[in-house]
1. In region 124-153, which residue that is of a type outside the set (A, V, I, L, M, F, W, C) and buried (at least 20 other Cβ atoms within 10 Å of the Cβ) is farthest from N96 (Cα to Cα)?
2. Give the residues of region 113-148 that are out of contact with any Cys (no Cβ under 8 Å at 6 or more places or on another chain) and among the small types (G, A, S), sorted by residue number.
3. Output the residue which, of all residues in region 44-55 that are loosely packed, with under 14 Cβ neighbours inside 10 Å and touching a strand residue (DSSP E or B) at 6+ places or on another chain (Cβ under 7 Å), is modelled with the lowest pLDDT.
4. Can you spot a residue in region 90-106 that is closer than 16 Å to N66 by Cβ, surrounded by 15 or more Cβ atoms within 10 Å (Cβ to Cβ) and aliphatic (A, V, I, L, M)?
Amino acid sequence: MSNTRSLIIGIFVIIVLIVGAIVLVRFLRSGRNTPSKSPEVVMSVTPDPSLGTITNLDETNKSKVNGTAQLEKLEGQIRIRLNLIKYPADTLQSANIYMGTCDKPGSVLYPLAPTFNGQSVTTLETTTERLQGQKPLIIGVTKSESDHTLAACGSL
């Protein structure tokens, strides 16, 4: 009887250990929500037209990124608010005002604050009149700080 009892207890302990290991592995895997590629986030921020001109930023290079740029006139300055609707999560994306067009972007005229989670605000020491005199101009957002391929673009 003693051997049978020891065998039953041993089998029971092994079953408990196996079930515990399975539960632990599932728990650890479910807590690991960091995929190898940044997930795409979809967020919509409605720009306030009373603050200034709104420019649409359209998707380029199959990025799925789009949004708006809002230019707000200040005393001798312009504040530019970028609001992206689709963007890679937790990724800095360079943003600039370029000379040229979305089809043929030229050199960077004004660097803007990079977007992070789809948002960026930059105040430039220039006026809308000066920008008008430098056209054609675009606002471009790149895929990331390291990949300078345009992800979204809009004409000013």
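1. Out of the qualifying residues, it is K143.
2. A113, G118, S120, G133, S144, S146
3. S44
4. For region 90-106, residues closer than 16 Å to N66 by Cβ, surrounded by 15 or more Cβ atoms within 10 Å (Cβ to Cβ) and aliphatic (A, V, I, L, M): present.
The values are calculated or read from the model by the stated rules, or taken from the named source; none is laboratory data. Bear in mind that the values here come from a model prediction, so they are computed numbers and not experimental data. Quick reminder, even Gly has a Cβ in these numbers, built from the backbone with ideal geometry, and neighbours come from all protein chains shown.
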